[in-house]
């Protein structure tokens, strides 16, 4: 849309973005900022010092780069950067990914020029006149699933006649989900359910050992990480997932019936809020993390064997996805410039 735009990312030192952004071909500068621990921790004594250093460095970054707009997505680095940008008279835009706004974004909202959100009813967190419902940006290949099922069946080595469960828990995996799945592998196979399972790197060895011991290699496909996410969604009849903002957005855009198991220790329990936002609209099912060992398998079987419920969830989640979210947010950024 605007090929001459120059971008500079600002992240938190030691966090994932410091590795991922350069791999994507963009420059990034790190701030020493850390989060404030909600429990009593010696690390909290260092928080004011690191925050002050981060504010000073953010001011220097703005002086050197001379941006015309600053965008924050709620990470640790957003606070110092957008605070200093506002003090310099640079317009700021916030992108809130979750249904429960994070503390950083709530604090920055007063000075923000525009706040792009992914869920309706966000007036309880932000000034109504600044809010624009845009959805969350997702990978382009998730938007293009038409005709990919056969390719996915071949890629993962699946049986086209069986129902397929896609299980994902992020790059590190989801301990509760993984333990619930691994303890029910034989039962899932008996129900004629095949599984595409992203275990994360911490659980892949255990998953492979159990699959091999049960002789289920043809029916249960475990991967440390799945890069071909479009193919995984294309073959999925239902999805089990954490309820992170981007995962929920992908599920809605793919139109997949899902069982969400929110990570209960996410900041301000925002994953539970994300899941409830779908459950209240009959767009997903939810199993609490504490009940996953007891209820997740039964919920999977129930949803697999109920085509009308799967169709209802699919139809109701689709309107909650925004396929043009990236363009809408970019357009707002350019307006501010």
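Read the figures in this text as sums done on the coordinates, not as results from a lab. Just so we're clear, the structure is a prediction, and the values are computed from it rather than from any experiment. Positions of Cβ are generated from backbone atoms using ideal geometry, with glycine treated the same way; all protein chains shown enter the neighbour counts.
Suppose each label sits 7 Å from its Cα in the direction of the beta carbon; what would the residue 150-residue 4 distance come out to in nanometres?
Modelled inter-label distance: 4.6 nm.
For the stretch 141-320, just run the numbers: alpha carbon Rg, then divide by 2.2 N^0.38 Å, N being how many residues it has.
Normalised Cα radius of gyration, the stretch 141-320: 0.94.
Going by alpha carbons, how many degrees (0 to 90, nearest 10) lie between the helix axis of 47-65 and the longest principal axis of the chain?
Value to nearest ten degrees: 70.
Scale the Cα Rg of the chain by the rule-of-thumb value 2.2 N^0.38 Å and send over the ratio, two decimals.
Ratio of Rg to 2.2 N^0.38 Å for the chain: 1.06.
Is the shape of the stretch 1-120 rounded, prolate or oblate, going by the alpha carbon gyration tensor and its root eigenvalues a ≥ b ≥ c, with a/c under 1.5 for rounded and a/b larger than b/c for prolate?
The shape class here is rounded.
Which values of log₁₀ I(q)/I(0), to two decimal places, follow from the Debye formula for the stretch 55-116 at q = 0.26, 0.27 Å⁻¹ with a uniform point scatterer at every Cα?
-1.06, -1.13
For the stretch 182-196 and the stretch 116-145, what is the centre-to-centre distance using only Cα atoms, to the nearest Å?
Spelled out, the Cα-based centre of one part sits 36 Å from the other.
Report relative contact order for the chain in percent, whole number only (criteria: Cα-Cα under 8 Å, sequence separation at least 6).
Worked out over the chain, it gives 15 percent.
Taking Cα pairs under 8 Å and at least six residues apart, what relative contact order does the stretch 1-160 come out at, in percent?
Relative contact order comes out at 13 percent.
Quick check: residue separation of residue 268 and residue 308 times 0.36 nm, minus the Cα distance between them. What number comes out in nm?
11.0 nm
As I understand it, the value is the acute angle between the Cα axis of helix 78-87 and the longest principal axis of the Cα atoms of the chain; what does it come to in degrees, rounded to 10?
Once rounded, the angle reads 30 degrees.
Output the relative contact order of the stretch 96-166, whole-number percent, from Cα pairs under 8 angstrom with separation of 6+ residues.
This gives 24 percent for the stretch 96-166.
Please report the orientation-averaged projected area of the stretch 80-193, defined via the convex hull of its C-alpha atoms, in nm².
11.0
If the elastic network links every pair of Cα atoms under 10 Å, which of 158, 46, 132 fluctuates the most in the Gaussian network model of the chain?
Result: 46 has the largest fluctuation of those listed.
Specify the residue with the greatest mean-square fluctuation among 91, 48, 80, computed from a Gaussian network of the chain linking alpha-carbon atoms under 10 Å apart.
48
Considering the stretch 96-135, what Rg and Dmax in Å follow from its alpha-carbon atoms?
Rg, Dmax (Cα atoms, Å): 8.7, 22.
What residue among 114, 281, 242 shows peak mean-square fluctuation when the chain is described by a Gaussian network model with Cα springs under 10 Å?
Looking only at 114, 281, 242, the largest GNM fluctuation is found for 281.
If each DSSP helix of 4+ residues adds -39,500 (n - 2.57) and the sum is divided by the residues in the chain, what number results at 222 nm, nearest 500 deg cm²/dmol?
-12000 deg cm²/dmol
Taking a ≥ b ≥ c as the square roots of the eigenvalues of the Cα gyration tensor of the stretch 294-337, is the shape rounded (a/c under 1.5), prolate (a/b larger than b/c) or oblate?
Verdict is prolate for the stretch 294-337.
What's the center-to-center distance, using Cα atoms, between the stretch 233-310 and the stretch 96-113 in Å?
Here the two parts' Cα centres lie 25 Å apart.
Would you mind getting me the FRET efficiency between residue 301 and residue 140? Use the beta-carbon distance for r and R0 = 35 Å, nearest 0.05.
It comes out at approximately 0.55.
With each label point set 7 Å from Cα along the Cα-Cβ vector, what nm distance links residue 224 and residue 192?
If labels sit at residue 224 and residue 192, their model points lie 3.6 nm apart.
For the chain, find the longest principal axis of its Cα atoms and tell me its angle to the long axis of helix 307-317, 0 to 90°, nearest 10.
Once rounded, one gets 10 degrees.
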